[in-house]
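So the structure is just underneath, and the comments pick up after that.
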Amino acid sequence: MNFPYQITSIEAYQKAYQQSVEQPEQFWADIAQHFKWHKPWDKVLEWDFKTADSKWFIGGKLNITENCLDRHLETMGDTPALIWEANDPQEKNVSLTYRQLYDRVCRLANVLKNNGVKKGDRVCIYMGMTPELAISTLACARIGAIHSVIFGGFSAQAIADRLQDAGAEYIITADGSYRAAKDIPLKAVVDEALKQCDFVKKVIVAKRTDTSVSMQEGRDVWMDDELKKVEASGITDCKAEVMDAEDPLFILYTSGSTGKPKGVVHTIAGYMVWTNYTFVNVFQYKPGQLHFCTADIGWITGHSYIVYGPLSAGATSLLFEGVPTWPDAGRFWEIVDKHKVDILYTAPTAIRSLMGFGLEPLKGKKLDSLKVLGSVGEPINEEAWHWYDTNIGKGKCPVVDTWWQTETGGIMISNLAGVTPQKPSYATLPLPGVQPCLVDENGNIIEGNEVSGNLCIKFPWPGIIRTTYGDHERCKQTYFSTYKNMYFTGDGCLRDKDGNYKITGRVDDVLNVSGHRIGTAEVENAINMHDTIIESAVVGYPHDIKGQGIYAYVICDIGKTGDDNVRKEINAMITKVIGPIAKPDKIQFVPGLPKTRSGKIMRRILRKIAEGDTSNLGDTSTLLDPSLVDVIIQGKV
């Protein structure tokens, strides 16, 4: 596959960027024509940030799976599309060509149809990182169903919340999944969630761990049995549903500053064009290369850079079931050598974790197939950047430090591998189509360089969030109301003398833990369910591995004291309500929280204490009880 829109020089980048700002509709029309459409669009763009509305390729008709599968069959049918590396290195890996993947997607799409799934229905997918997870997303898209993948580490309560919000009557899951030395009983977790969701009509269960599960007659079916029925019918092909450009493709839940997760909605055409364009350009993808994104498909990175971006470009995408440190800390490097990986895209958390094992796990590993390294999920610190560059890339591979969000659909600010300059710990320059600006607290745009402020985007791009499912007002309030006529990212940022952008972290009440966004309110709500807890406040603090750790300040009921048992119970409660990923790293029991006279918790002070920076806490005289601050400092965990 050729990519006429691939940028191959700094001059071409500057020209493309200028055109994308001056003539955005013409710019994106030129790119979109390289995809398969049933009917071209009538208009490229309509938008109004006052009402939080953006529409792209209006009137266009297409199916994203035809762009990810069908159009490759004639010339690349025998090219590997997906390679799956299992949790256990002794288990045989699976390789599916584009033709085989097409066949598997069509068969599962027919299973969905046979079980009552129709265009527009929401299907929740709760699985481990197996080929069936990728196939399930594509099978939904094939028939026009809206998929909502739930990360396989989330709890039953978190699943129930998402099922209810999406009104999802169908679930695809598995008996269990493997993660390092653990077997995770996925179906049992789904069963627990369904006690609150009697509206669910069908649960389709894949086999992975051969765990004994309970199957409710009439509701639960085995995927293998349903696939055999499709085979027996003799009709295995499945015609792609013709969709409107602005029909929803998926809902993906992300944490917000309130306790309820937000269902971010992405639509078909804009998301497809954006993920393809960013994949091809940021990684400088060349036909025949193997792309290894280590993320889980339960997060946006997996959606965009394991499934839709690479497959729409005809790439070979590698998905990995395990973790980077099991059975030992050389696992990533073994996979790279075994499959001759060209592009490695991983998280700073993983890099920092592997740094802790030293260079021993790298002994005997060649890593000579690597052409491009990528970082995703959170800002990468300089030490980790240099370790990655020196020891994994051998100083020969460009490192793309990508900044983007669930809501942006794909990469927004990043160097283009080997084309635009890289700078350690900087995301560097915006992609064509992205118009960033820094804004002060009064909403004024900060001009010039060597400045810092809150990062906003002042013009839509094809992958922009369309709404929050079932609650457009929430989308408007969260992203488009803080600053007039701008999308607010929630991140602080600085711009250097050359115009490079460096993300400095969240400025709202959302934490970034190991590259995953977790709302402070979600964690506080879970802690406060404990019957001895009156109130809690959660903040982030610097963590050597995770980037940001979770620090919880907790007030016990009168006459009750906090101890290690209460800490264990709090962690168990959080695991049950959200999942183990949200457990605090530190829990400090306090007699009270620093509040203003109006009752607002001064999180700025709590963050400083958690960080160990108590030399300048600012003015505490406005607090209801300033003496509390010293008590909290003295009791710091």
Original post:
In what order do Arg603, Arg495 fall by count of nearby beta-carbon atoms within 10 Å, going from fewest to most?
Top reply: Arg603, Arg495
**OP:** List the residues of segment 500-531 whose backbone N lies under 20 Å from a point placed 7 Å from the Cα of Glu611 along the Cα-to-Cβ direction.
**Re:** 502-521
Original post:
Sorted by mean Cβ packing within 10 Å, highest first, what order do the peptides 103-114, 131-142 take?
Top reply: 131-142, 103-114
Subject >> Any cysteine of the chain lacking a neighbouring Cys Cβ under 4.7 Å - listed by number >> reply: Cys68, Cys124, Cys140, Cys197, Cys293, Cys397, Cys437, Cys456, Cys475, Cys493, Cys556
Subject >> Net dipole in debye of segment 510-634 [+1 Lys, Arg Cβ; -1 Asp, Glu Cβ; about Cα centre; nearest 20] >> reply: 320
Original post:
Binning every alpha carbon pair distance of segment 305-360 at 5 Å from zero, what are the percents per bin?
Top reply: 4, 15, 26, 25, 16, 8, 4, 1
Subject >> Estimated [θ] at 222 nm from DSSP helical runs (n ≥ 4, -39500 (n - 2.57)) normalised by residues in the chain, nearest 500 >> reply: -8000 deg cm²/dmol
Subject >> C-alpha center-to-center spacing [segment 527-596, segment 414-439] in angstrom >> reply: 37
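By per-residue mean of other Cβ atoms within 10 Å, what is the highest-first order of 45-54, 76-85?
Numbers: 45-54: 16.3, 76-85: 19.1.
For the peptides 45-54, 76-85, the packing ranking is 76-85, 45-54.
If you build the Cα gyration tensor of segment 510-634 and take the root of 5 times each eigenvalue, what three semi-axes come out, in whole angstrom, biggest first? Please list the in-between numbers first.
Numbers: eigenvalues 101, 68, 30 Å².
In descending order the semi-axes read 22, 18, 12 Å.
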Original post:
By average Cβ neighbour count within 10 Å, what is the ranking of 161-172, 329-340, 3-14 from highest down?
Top reply: 161-172, 329-340, 3-14
Original post:
Where a Cα-Cα gap under 20 Å defines reach, which lysines qualify for Lys586, not counting those fewer than 8 residues away within the same chain?
Top reply: Lys546, Lys560, Lys568, Lys576, Lys608, Lys636
Original post:
If contacts are Cα pairs under 8 angstrom and at least 6 residues apart, what is the relative contact order of the chain in percent?
Top reply: 13
Original post:
Which semi-axes, in whole Å and largest first, does the equivalent ellipsoid of segment 212-360 have when worked out from the alpha carbon gyration tensor as the square roots of 5 times its eigenvalues?
Top reply: 31, 23, 21
**OP:** Could you please state, rounded to a whole Å, how far the C-alpha centre of segment 173-231 is from the C-alpha centre of segment 453-474?
**Re:** 35
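Give the shape of segment 5-77 as rounded, prolate or oblate, defined through the alpha-carbon gyration tensor: a ≥ b ≥ c are the square roots of its eigenvalues, a/c under 1.5 means rounded, and otherwise the shape is prolate if a/b is larger than b/c and oblate if not. Walk me through the numbers on the way to the answer.
Working: a/c = 2.62, a/b = 1.17, b/c = 2.23.
Oblate.
Relative to the present Cα-Cα distance, how much length would full extension add between Glu22 and Asp53 at 0.36 nm per residue of separation? Before the final figure, lay out each step's value.
Working: separation 31, 0.36 × 31 = 11.16 nm, distance 2.08 nm.
Between Glu22 and Asp53, full extension yields 9.1 nm more.
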**OP:** Please work out whether segment 56-128 counts as rounded, prolate or oblate from its C-alpha gyration tensor, where a ≥ b ≥ c are the square roots of the eigenvalues and a/c under 1.5 means rounded, while otherwise a/b larger than b/c means prolate and anything else oblate?
**Re:** oblate
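Give me the extension gain from Lys340 to Lys497: residue separation times 0.36 nm, minus the current Cα-Cα distance, reported in nm with one decimal.
Values: separation 157, 0.36 × 157 = 56.52 nm, distance 3.87 nm.
Additional length available on full extension: 52.7 nm.
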**OP:** Express in nm, to one decimal, how much length is gained between Lys568 and Thr532 on full extension, taking 0.36 nm for each residue of separation and deducting their alpha carbon distance.
**Re:** 11.7 nm
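If you take every DSSP beta bridge fully contained in segment 510-634, what fraction is antiparallel? Give it as a percent rounded to 5. All intermediate terms of the calculation are to be shown ahead of the outcome.
Numbers: 16 of 20 bridges.
Antiparallel bridges make up about 80 percent of those DSSP assigns within segment 510-634.
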Subject >> Long-range tail of P(r) for segment 279-376 (Cα pairs > 21 Å, %) >> reply: 28
Original post:
Quick one: Karplus J couplings for segment 171-182, per residue in order, coefficients 6.51, -1.76, 1.60, θ = phi - 60°, nearest Hz, x for Gly and Pro?
Top reply: 9, 10, 9, 9, 4, x, 9, 10, 9, 6, 8, 9
**OP:** Could you work out the relative contact order of segment 510-634, using alpha carbon pairs under 8 angstrom and six or more residues apart, expressed as a whole percent?
**Re:** 22
Original post:
Please state the relative contact order of segment 211-338 as a whole percent: Cα pairs under 8 Å, 6+ residues apart?
Top reply: 15
**OP:** Decide, for segment 41-198, between rounded, prolate and oblate: order the square roots of the alpha carbon gyration tensor eigenvalues as a ≥ b ≥ c, take rounded if a/c falls under 1.5, and otherwise choose prolate if a/b is larger than b/c, else oblate.
**Re:** oblate
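Quick note: the coordinates plus some simple rules give every number you see, no bench work behind them. These figures come from a predicted structure and were not determined experimentally. So basically every Cβ, Gly included, is an ideal-geometry build from the backbone, and we count neighbours across all protein chains shown.
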